[in-house]
Amino acid sequence: MVAYSFQPRFAPLIREGVKRQTVRGYRDRHARPGEYLQLFTGLRTASATKIVEDPVCTEVLPVRIGFASGRIARIEVAGMPVLSLDGFAAADGFESLDDMTAFWLERHGAKDFEGVVIEWAMPRWRGGRPG
């Protein structure tokens, strides 16, 4: 099981099922499809809070985010261009592409990014894992 930490602004969107993906940089071990995820705010702090019961990873795909003129100009998932950048931003919990761009500029600067997009689904049983 792999844990991911989110800013508090994303927690309500995750609980409501609006945000069901996250973009992350490459690391040694990401979740794999079929595995449970643990989603937290404040991970590795005394105030760590689990956002929802463990969802199931459905996809882990390579993602590239490209910048031009100081804003996100293109996104590719698994080598295919995303046709609706605003739609991708909304699926990732942002109000708009401008909101996503501001977030990325603050954290990463206006440099192209390569990593993965991790998608999940909530189990049908909401009270925790069966058994």
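Of the strands (runs of 3 or more DSSP E) lying entirely inside the stretch 23-131, the ones with 3 or more residues being under 21 Å from Phe10 (Cα atoms) are found at 37-41, 56-68, 113-121.
For the stretch 1-22, a residue qualifies if it is in a helix (DSSP H, G or I) and open to solvent by less than 70 Å² (accessible area, probe 1.4 Å), and the qualifying residues are Phe10, Ala11, Pro12, Leu13, Ile14. Free of Cβ contacts under 8 Å to residues at least 12 places away in the same chain and out of contact with any Asp or Glu (no Cβ under 9 Å at 6 or more places or on another chain): is that true of Glu76 in this structure? It is false that Glu76 is free of Cβ contacts under 8 Å to residues at least 12 places away in the same chain and out of contact with any Asp or Glu (no Cβ under 9 Å at 6 or more places or on another chain). Among the residues of the stretch 52-98, just one is on the phi > 0 side of the Ramachandran plot and surrounded by 14 or more Cβ atoms within 10 Å (Cβ to Cβ), namely Gly93.
The values are calculated or read from the model by the stated rules, or taken from the named source; none is laboratory data. Here the structure is a predicted model, which is why all the values come from computation and not from measurement. All Cβ positions, glycine included, derive from the backbone under ideal geometry; neighbour counts span all protein chains shown. We work out accessible area using only protein heavy atoms, side chains counted, and drop any ligands, DNA or RNA first. Shrake-Rupley method; radii C 1.70, N 1.55, O 1.52, S 1.80 Å.
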